[in-house]
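Inspection log for the structure reproduced underneath, given as structure tokens.
None of the figures in this text is laboratory data; all of them are computed from the coordinates on show. Please read these numbers as outputs of a predicted model, since none were measured by experiment. Using ideal geometry, Cβ is built from the backbone for each residue, glycine included, and neighbour counts are taken over all protein chains shown.
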Amino acid sequence: MFLSVFDMFKVGIGPSSSHTMGPMVAAARFLDLMRASPFQFRGVRASLHGSLAFTGVGHATDRATVLGLAGFAPDTYDAEKADAAFARIRDRKMIEVPGLPPLQFDPLKDLHFDFGPALPGHANGMILKATDAQGDVILTETYYSIGGGFVVTASEQAEAGGTRSRARADVPYPFDTAAEMLAMARASGLSIAGMKRQNELRFRTVEELDRGMARIWEVMTACIDRGMLGTGILPGGLKVRRRAKGIHDALLAERGLNQTPPHTINDWMSLYAMAVNEENAAGGQVVTAPTNGAAGVVPAVLRYWLDHVPGASPRGIGDYLLTAAAIGGLAKHNASISGAECGCQAEVGSAAAMAAAGICAVMGGTPEQVENAAEIALEHHLGMTCDPVKGLVQVPCIERNGLGAIKAISAASLALRGDGQHLVSLDACIETMRQTGRDMHEKYKETSLGGLAVNVPNC
């Protein structure tokens, strides 16, 4: 199994990787399918199913689908141009993109939220259709947004045997499980980051890899900085205030004061994560880590290490990201990183495991200690539901990232105090997450039909 560090960490836009980025990517793929077809098209339609329907408005899924059909992509998204294009489509009821004739599309009529049963392949399903001059459907495709911005068609999912494909890539260290990862590390004498680096170099040069990871961190840390400056009310109707700037200002004012309690360091960890997720909630540029809803944990822990831990060096950024990506790949491959599939344990839980592994590695942990750190962080997120109030990635998501960062650092610290031997393996923990997600009622899996979403007034 091989998932690139650039698969786990994608530059995109908020508020959701599965509900915003995924549908945008799916729509772009459908445009390519249309361009390759011999048919003459005159219109397009879309239907959203499962979690994409239930929380689609709060996650801007409808807008993302329209903009994807208009040719926009998450990694090159321009907010000003997108606003203009969306307004133009709404007014003219027409989509115009290179390589295709003008396509009739009325967002109010041709984009349908289906609140019936989810499609069989995944909780996040969407069907895109193209029509001829008579309005008859002549091309259709079903897409599943399986978390973290990953998108598969129904046929691709069937060919791969579902989301848990066992296919191995042609790389030097193709581990499918944490047990295999540790065995390969012992046999090779390499760290987890070292093995992951060798796998990446199978597909790109050293310069391309290092430049790409530098870009990932550049976007992550810039997102933290923007979040710590942002003010006002987040969009969506909940009237959630942005708090990161106020917390940051207070922490700066308290620096150097003798009466500052030691546990204030937790506030710095939470601050960095909340800054990212407030930016995400506002539709800003973020990096999936492994998803948008959990995007704050991994950068917050790395920023904490760089800014607060003696001896930290930017030279460790690559090892941190590679180690975190290796753990995230195991979670995705053997369970899920999708809140709609397995609840928030799959999002913030996986992110905490990734961050714990990354900081453990750069603080000198052995592969066994790194695996232990990831396991501790994930174990103590098991069973966590995904119950966003009003379908928005705000409550409880923003604070939850802060607590996930604190758990990640605590897990790494505990692992570093040990020798790597422990009772519960990371593989067992990931499998437990998969089983728990399978058994979890769908109202607790990003549908906003249960939990906080129904017990907190949101009007």
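Here is how the numbers come out for the structure above:
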{"read-out": "PRO388 vs. criteria at negative phi and buried (at least 20 other Cβ atoms within 10 Å of the Cβ)", "value": "yes"}
{"read-out": "Any chance VAL286 is among the hydrophobic types (A, V, I, L, M, F, W, C), in contact with a Cys (Cβ under 6 Å, 6 or more places away or on another chain) and more than 15 Å from LEU403 (Cα to Cα)", "value": "yes"}
{"read-out": "Any chance LYS81 is in contact (Cβ under 8 Å) with a residue 12 or more places away in the chain and either surrounded by fewer than 20 Cβ atoms within 10 Å (Cβ to Cβ) or not hydrophobic (A, V, I, L, M, F, W, C) (or both)", "value": "no"}
{"read-out": "From the options ILE265, ILE327, ILE317, residue that is buried (at least 24 other Cβ atoms within 10 Å of the Cβ), in contact (Cβ under 8 Å) with a residue 24 or more places away in the chain and of a type in the set (Val, Ile, Thr)", "value": "ILE327"}
{"read-out": "Residues that are assigned to a helix (DSSP H, G or I) and within 21 Å of LEU33 (Cβ to Cβ), drawn from the stretch 66-84", "value": "VAL66, LEU67, GLY68, LEU69, PRO74, ASP75, THR76"}
{"read-out": "Among (1) out of contact with any Lys or Arg (no Cβ under 9 Å at 6 or more places or on another chain); (2) over 21 Å from MET24 (Cβ atoms), the one test that THR142 misses", "value": "(2)"}
{"read-out": "Selection status of HIS422, touching a Lys or Arg at 6+ places or on another chain (Cβ under 8 Å) and in a loop (DSSP other than H, G, I, E, B)", "value": "no"}
{"read-out": "Residue list for the stretch 114-139, filter: within 17 Å of ARG29 (Cβ to Cβ) and either outside any strand (DSSP E or B) or in contact with an Asp or Glu (Cβ under 6 Å, 6 or more places away or on another chain) (or both)", "value": "LEU119, GLY121, HIS122, LEU128"}
{"read-out": "Condition met for VAL309 (β-branched (Val, Ile, Thr) and buried (at least 24 other Cβ atoms within 10 Å of the Cβ))", "value": "no"}
{"read-out": "Residue count, the stretch 179-207 (criterion: of a type outside the set (S, T, N, Q) and either under 16 Å from MET8 (Cβ atoms) or in a loop (DSSP other than H, G, I, E, B) (or both))", "value": "13"}
{"read-out": "Top-ranked residue in the stretch 222-254 [being surrounded by 14 or more Cβ atoms within 10 Å (Cβ to Cβ) and farther than 25 Å from ALA60 by Cβ; ranked as farthest from the chain's Cα centre (by Cα)]", "value": "LEU251"}
